[in-house]
Every structure is written in structure tokens, then in C-alpha cells.
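**Student:** Structure provided below as C-alpha cells; questions to follow.
The values are calculated or read from the model by the stated rules, or taken from the named source; none is laboratory data. The shown structure was predicted, so the numbers you read here are calculated from the model rather than taken from an experiment. Here the Cβ positions follow ideal geometry from the backbone for every residue, glycine too, while neighbour counts run over all protein chains shown.
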């Protein structure tokens with residue numbers, strides 16, 4: 001790239017928050033990660049009066065916009081790049097990204113959504129920072145044809161925490177794009193998608209006999225900090241990197257935005273989640289049950305039911321002082337959690353019932369209803385996926401969050417700039433510092 005073009009890119013980046021990128025480049029011991037939904041041309045509407053007119057019909061339009069996106073990405077030079085709505089169905093665009101990113105030193109991995117939807121995911125890691133151990137593809141096979149990518153990589157930076165050969169230097173990176181919540185019935189499927197991701201990650205770690213290591217989840221989660229997906233991931237020990245960097249609490253849902261959706265609403269939906277290897281974790285199935293019971297309670301509260309009213313609602317016979325299994329199933333049906341294409345399966349219902357029926361006597365009394373559904377008091381159990389062994393280590397590489405930037409910069413104040421044209425999403429970049437962590441075995 002010539003001197004003039006470098007100057008142009010630098011000028012553009014400085015206007016939208018290039019300081020995060022600058023810090024990642026200047027610090028040789030840092031690792032940066034960018035997630036960006038780049039709005040596939042097949043979805044970008046050019047005419048409000050005629051929604052069928054899409055950017056994909058005009059080569060000059062989509063080519064110019066994607067060249068500008070690549071210019072930003074190559075200026076920033078993040079160690080990890082996770083893109084969503086990548087137009088995998090267009091060979092020219094795929095070749096453009098492959099060449100530009102390949103020439104810049106990236107290894108790229110692409111995954112199309114199922115049933116020829118046209119778009120998909122692209123994950124790229126820079127060879128100066130990582131060697132790739134494995135790339136796995138996760139197909140949800142749901143009605144939204146969503147997918148996820150899992151990269152198992154090893155950090156090759158000669159940074160001080162990595163010099164000890166006994167310190168684990170491996171990382172798991174996930175890139176995904178969840179369903180859009182078109183209506184409340186989709187909330188359960190979105191939660192199930194995240195559950196599938198975490199189950200797959202857990203299975204991969206077991207099959208490969210991996211001890212605890214950092215997990216980074218990137219993508220367009222299509223849900224805000226108020227949603228069930230956010231709460232589910234938090235219950236598993238993940239932290240939102242951007243919120244952590246800016247010291248925002250879970251309740252600070254309007255401090256920033258990252259997306260203006262097709263309805264014109266602005267919201268924060270793009271996250272880079274981090275789970276360090278020393279983080280205390282609940283059993284995955286416990287978190288899943290908590291999340292479903294959270295949806296259950298949310299629906300009951302929407303109906304303005306108090307705790308006692310909700311318990312009475314769940315009983316088929318008002319004279320009973322317990323909830324039967326059939327009562328439970330009927331309540332799930334009335335709350336639209338079963339009986340539709342993405343409702344709970346029989347196995348999922350049974351798993352929930354086992355959790356609710358704490359003493360296993362076949363019914364749920366008022367005390368169990370209160371402790372499991374209304375005001376849950378679950379025991380804090382560690383995940384049992386790792387066992388002690390003669391090869392076990394008590395040190396691993398983790399990450400501290402050095403910086404996090406959304407741009408265009410206006411979105412960090414909860415505003416959406418009308419002149420922004422790269423996408424209908426903002427770009428999120430997080431800078432991590434590798435640190436050595438002592439990791440007790442999770443048993």
C-alpha cells in the first residue's frame with residue numbers, strides 16, 4: 001500500500017476511534033480482537049419504497065463498501081477478525097477478502113449458513129499471533145439456518161507470560177450470529193443456540209482432554225444486556241469485554257449501542273465475551289435450567305401474577321397444594337414454551353422437571369416452586385468436565401482487558417450517526433493483555 005493510501009486510512013481511522021488499534025499495534029505483548037457484522041449485500045436495502053431493491057444488484061455499490069471495510073480492517077490489523085453476514089455466495093467478494101487478508105498475513109476460515117442462505121461467517125487470525133490447531137464447524141440445523149465456527153489456536157507471541165514452556169498458551173475462539181428476535185417465541189431458540197455452542201465447546205474440550213483455557217465468544221448476538229442470552233452467558237462466568245473495559249454494570253443497558261435494525265431501533269447487540277481459565281463455573285445444564293425458568297417467570301410476571309398467584313395458576317386443581325407433571329406441561333403450553341416449532345422438546349421438559357422436583361417425589365410443592373422457579377437458590381457447583389491427572393497443570397494463559405472501542409464513536413454515547421454507511425452495525429475491537437493465571441482443577 002502506497003504512502004498516500006496509508007495516510008487516507010489513518011485519517012479515517014482517527015475519526016472513528018482508531019486509538020484502540022494503535023494501542024494493539026504499538027504493544028507487542030497485546031492481542032486484539034474485532035467483531036463486525038458487515039451487512040451482506042443481499043440484505044442491504046437501497047429503497048424504502050421497494051424493499052426488493054438490494055445492494056447485491058449493483059456491483060459498484062457493494063464492491064466499494066466492502067473495499068472500505070477491508071481498508072479499515074487492514075489498518076486496524078487486529079490479531080483476530082470475526083465477521084458476520086459475510087457474502088459467501090459471491091465468488092468475487094470471497095476472492096477479494098481471501099487475497100487482501102491473505103496478503104496481510106491472515107489465515108481465513110469461512111462457513112456458509114445452511115440451506116444456501118447466501119451469507120455466513122468469516123474468521124481470520126494473524127499468523128504473527130497464532131498458529132491454528134483446529135477449525136470446527138457447528139451447524140445448528142434450526143429454522144434460522146444459523147451456524148458457528150470454533151477455532152482452537154495457540155498463541156505464538158514471545159510475550160513475557162508465555163515464555164515459560166509449562167504455561168498453556170492455547171485459546172478457543174467462537175464466531176457466531178444468532179437469530180433475530182422477530183417475536184417472543186424465538187427467544188427460546190436463541191437461548192438454545194447459545195446452549196448448543198457451549199455444549200459443543202465443552203464436548204470439544206473433553207474429547208481433546210484439554211485443561212481450562214481462555215474462551216472468546218464473538219459475534220452478533222441479536223440481543224441486548226436485558227435479554228435471556230446475556231444472563232445465560234453471565235451465569236456461565238463470561239464477561240462482556242466492552243462493558244468490563246468501561247466499568248459498566250449489567251444493568252447499564254443503554255450506555256452504548258452497536259446496531260440500527262430494520263425496524264429503525266438502535267440497540268447494543270455485538271459482544272466479545274471472555275471466559276478466563278480460572279473462572280468459577282456452574283454446571284452447564286444448571287445454567288440452562290435457570291435460563292428457561294427465568295423465561296418461565298418472565299412470562300408469569302408479564303401476566304401481572306404475584307408469587308402466590310403464579311403457583312395457583314400452575315395447579316390444575318385449586319385444592320391441591322402441589323404442581324403435577326401434567327400441570328407443569330400445561331403451563332408451559334399456555335406460556336408458548338411448548339407446542340410450536342421451536343418449543344421445548346420432551347427431553348428438555350423432563351430435564352426441567354427433574355430440576356424443579358428437588359426431592360424427586362413426583363410433584364413440585366410451594367417450597368420447590370419458590371426455590372427453583374420464582375426465587376431460585378441453586379447450589380453453586382463447579383463444572384465437572386476436567387479431571388485431575390498426572391498431566392494436569394496449574395498455570396495457564398488468561399487475558400486482562402486493556403481497551404475496548406466501538407466505532408463510529410457516536411455509538412459509545414448511545415447515538416447512531418446518520419452519515420455512517422459501512423454497515424448497520426458498529427465495529428467492536430477489544431485489546432487483551434496475556435497474563436499468567438493459576439488454575440485449580442475443576443472437579
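**Student:** Looking only at region 113-131, which residues are touching a strand residue (DSSP E or B) at 6+ places or on another chain (Cβ under 7 Å) and either crowded, with 19+ Cβ neighbours inside 10 Å or closer than 15 Å to residue 33 by Cβ (or both)?
**Tutor:** Step one: of region 113-131, the residues touching a strand residue (DSSP E or B) at 6+ places or on another chain (Cβ under 7 Å) are 113-114, 119-127, 129-131.
113, 119, 120, 121, 122, 123, 124, 125, 126, 129, 130 - these are the residues of region 113-131 that are touching a strand residue (DSSP E or B) at 6+ places or on another chain (Cβ under 7 Å) and either crowded, with 19+ Cβ neighbours inside 10 Å or closer than 15 Å to residue 33 by Cβ (or both).
**Student:** Name every residue in region 78-107 that is over 25 Å from residue 179 (Cβ atoms) and surrounded by 15 or more Cβ atoms within 10 Å (Cβ to Cβ), in order of residue number.
**Tutor:** Matches in region 78-107: 78, 79, 96, 98, 100, 101, 104, 106, 107.
**Student:** Is there a residue in region 222-242 that is in contact with a strand residue (DSSP E or B) (Cβ under 8 Å, 6 or more places away or on another chain), closer than 15 Å to residue 136 by Cβ and in contact (Cβ under 8 Å) with a residue 24 or more places away in the chain?
**Tutor:** No - not one qualifying residue is present in region 222-242.
**Student:** Ok, one more. Given the conditions (1) in contact with a strand residue (DSSP E or B) (Cβ under 7 Å, 6 or more places away or on another chain); (2) surrounded by 14 or more Cβ atoms within 10 Å (Cβ to Cβ), report the number of the one that residue 51 does not fulfil.
**Tutor:** Only one criterion is unmet by residue 51, namely (2).
**Student:** Given (1) part of a loop (DSSP other than H, G, I, E, B); (2) more than 29 Å from residue 32 (Cα to Cα); (3) in contact (Cβ under 8 Å) with a residue 24 or more places away in the chain, where does residue 295 come up short, assuming only one miss?
**Tutor:** Only one criterion is unmet by residue 295, namely (1).
**Student:** Right, here's the next one. Does region 220-231 contain any residue that is within 14 Å of the chain's Cα centre (by Cα), modelled with pLDDT of 95 or more and not assigned by TED's automatic domain parsing to the domain that holds residue 299?
**Tutor:** Yes, because at least one residue in region 220-231 is within 14 Å of the chain's Cα centre (by Cα), modelled with pLDDT of 95 or more and not assigned by TED's automatic domain parsing to the domain that holds residue 299.
**Student:** Among the residues of region 93-104, is any touching a helix residue (DSSP H, G or I) at 6+ places or on another chain (Cβ under 8 Å) and part of a strand (DSSP E or B)? Walk me through how you get there before you give the answer.
**Tutor:** Within region 93-104, the subset touching a helix residue (DSSP H, G or I) at 6+ places or on another chain (Cβ under 8 Å) is 93, 96-97, 100-101, 104.
From the residues that got through so far, the ones that are part of a strand (DSSP E or B) too are none.
No, region 93-104 has no match at all.
**Student:** To continue, here is another question. Taking the criterion of being modelled with pLDDT of 95 or more and in a loop (DSSP other than H, G, I, E, B), would at least one residue in region 55-63 satisfy it?
**Tutor:** Looking for residues that are modelled with pLDDT of 95 or more and in a loop (DSSP other than H, G, I, E, B), one finds at least one in region 55-63, hence yes.
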